[in-house]
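Written below as structure tokens is the structure these notes are about.
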Amino acid sequence: MSTPSQPERDHLLVSEIHGEARHYAARRELTADERAAAVAALRELASGRADLLAEVAGIFEGTSEGELDEPLARQAAQLCRDAGADPDAVPAWVEEGRRRRKRAGLPPFSAATRRSPRPR
């Protein structure tokens, strides 16, 4: 069995960070102890990867703007920021999140090529 390449490992770690941040986010203000536990868990999981914390924070913010889950996503993003996300990298990831949200609302590429059968 081969080991995953660095991009694959990063992708897996981003997914883990995303899930962990979402797990700790709540539909209420976190207590100081809850916030501290969440930030510590995210820091440990990220292992110093401020770039990946920034990616998760930005994607949370960009994909949730105007959505019903925006407060929850913003809280998860803030936990990533508090855990050490690179503040200079977050804005680019917010834009990427917006782009992804916009693309998610488009019909599938194949839908544009479908045509009704010609009458015989």
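The values are calculated or read from the model by the stated rules, or taken from the named source; none is laboratory data. This one's a predicted model, so the numbers in the text were calculated from it and none came from an experiment. Here the Cβ positions follow ideal geometry from the backbone for every residue, glycine too, while neighbour counts run over all protein chains shown. We work out accessible area using only protein heavy atoms, side chains counted, and drop any ligands, DNA or RNA first. Shrake-Rupley method; radii C 1.70, N 1.55, O 1.52, S 1.80 Å.
Between ALA32 and ALA50, what length in nm is gained on full extension when 0.36 nm per residue of separation is reduced by their alpha carbon distance?
This chain segment gains 4.2 nm when fully extended.
Given only helices, namely DSSP H runs of n ≥ 4 each adding -39500 (n - 2.57), what is the per-residue ellipticity at 222 nm of the chain, to the nearest 500 deg cm²/dmol?
The helix contribution divided over the chain gives -21000 deg cm²/dmol.
For the stretch 33-85, compute the orientation-averaged projected area of the C-alpha convex hull (one quarter of its surface), in nm².
Seen from a random direction, the Cα hull of the stretch 33-85 projects 3.2 nm² on average.
Among [x] 26, 14, 11; [y] 21, 19, 14; [z] 33, 19, 13, find the value of semi-axes √(5λ) of the Cα gyration tensor in Å that was calculated from the structure presented, and write down its label.
Step by step, semi-axes √(5λ) of the Cα gyration tensor in Å for this structure corresponds to label [z].
Using the heavy atoms of the protein chains and a 1.4 angstrom probe, tell me the accessible area per residue for the chain in square angstrom.
Spelled out: the 1.4 Å probe surface of the chain, per residue, equals 68 Å².
Dipole magnitude of the chain about its Cα centre, charges +1 at Lys/Arg Cβ and -1 at Asp/Glu Cβ only, in debye to the nearest 20?
Using Cβ point charges on Lys, Arg, Asp and Glu, the chain gives about 1200 debye.
Keeping all protein chains in place and using 1.4 angstrom, which order do GLU67, GLU44 fall into by accessible surface area, from largest down?
GLU44, GLU67
Mean Kyte-Doolittle of at least -1.0 plus a Cα span of 15 Å or more along the axis: flag which DSSP H helices in the chain meet both, please.
Passing helices, by number: 32-46, 50-64, 70-82.
With every protein chain in place, what's the accessible area of SER47 (1.4 Å probe, Å², nearest 10)?
Probe radius 1.4 Å; accessible area of SER47 about 90 Å².
Which values, in whole Å and largest first, are the semi-axes of the equivalent ellipsoid of the stretch 70-110 obtained as the square root of 5 times each eigenvalue of the Cα gyration tensor?
Sorted largest first and rounded, they come to 26, 13, 6 Å.
When the chain is modelled as a GNM with alpha-carbon springs shorter than 10 Å, which of LEU42, LEU30, LEU52 fluctuates the most?
Fluctuation is largest for LEU30.
Based solely on C-alpha atoms, express the radius of gyration and the Dmax of the stretch 1-40 in angstrom.
14.2, 44
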